[in-house]
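The values are calculated or read from the model by the stated rules, or taken from the named source; none is laboratory data. Bear in mind the structure is a predicted one, so any value in this text is a computation, not a measurement. FYI the Cβ positions are ideal-geometry reconstructions off the backbone, even for glycines, and counts take in every protein chain you see.
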Amino acid sequence: MGKENKSKYALLGMLSLLPMSGYDLKKAIEGGLGHFWQENYAQIYPMLKQLQAEGLTISHSEKQEGKPERRIYALTDKGREELRRWLAGPVEHQVIRNELLLKLFFGTQVPLPASIEHVREYREKYIQLLQIFEQTEVQIKQEYATNPNLPYWLLTLSNGKYDAQAVIAWCDEALVTLENLAEPEAREKESS
């Protein structure tokens, strides 16, 4: 069996919260799932057509003042059943693509300061990301205090926070290793 397109389930999941247009879905995914899942318009619109063709969603046009009509999608009972089936199934392991790790793996091909700078920049991005997660946590606890989804949303946010903390700790360790590599190079240059 071929790999399942997980975009299908991201969209079904978001539509389980409320009916949305393709544009609304993109914005909601960026705001709610963005730290661990991304979709772009080129994935969203064809998938919405497919979901409707499979009977998993229905749609209707909605007029907008001074703008083109927009199509609003909602889950069908069949769509909700399909989402539940997928949610209850096993989680498939996914290999991540990490450009920093790829560059470090081949790090002997460039001067050492380039690798050190890459790790420093990566660390700074994760410090900023951790701050965003912490601010988001405060915000959603206030805005959605009574929402039954809140504990689940906080679990995904907690994962992001732990990941960011782990990456920052790894960066600190990597910087020590790389700077230790730089010391013999510096001594070699001094003795030349």
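Select from the range 3-21 the residues that are under 18 Å from the mean Cα position of the chain (by Cα) and small (Gly, Ala, Ser) and write down the one among them that is farthest from Arg80 (Cα to Cα).
Step by step, filter the range 3-21, then rank; the result is Ser7.
Which is among the hydroxyl-bearing types (Ser, Thr, Tyr), closer than 26 Å to Asn5 by Cβ and either without any contact (Cβ under 8 Å) to a residue 24 or more places away in the chain or in the same structural domain as Gly22 (by TED's automatic domain parsing) (or both), of Tyr73, Tyr144?
The match here is Tyr73.
Right, Tyr152: assigned to a helix (DSSP H, G or I), surrounded by 16 or more Cβ atoms within 10 Å (Cβ to Cβ), outside the structural domain of Gln52 (by TED's automatic domain parsing) and of a type outside the set (D, E, K, R) or not?
No, not satisfied.
Pick from the range 135-144 the residues that are within 18 Å of Tyr162 (Cβ to Cβ) and of a type outside the set (Val, Ile, Thr): which of them is surrounded by the most Cβ atoms within 10 Å (Cβ to Cβ)?
Residue satisfying both the conditions and the ranking: Glu137.
Does the range 114-134 hold any residues that are surrounded by fewer than 17 Cβ atoms within 10 Å (Cβ to Cβ), modelled with pLDDT of 95 or more and not acidic (Asp, Glu), and which are they?
Within the range 114-134, Ala114, Arg120, Lys125, Ile127, Gln128, Gln131 meet the criteria.
Every residue in the range 57-115 that is closer than 30 Å to Ala174 by Cβ, of a type outside the set (S, T, N, Q) and more than 25 Å from the chain's Cα centre (by Cα), please.
Phe106, Gly107, Val110, Pro111, Leu112, Pro113, Ala114
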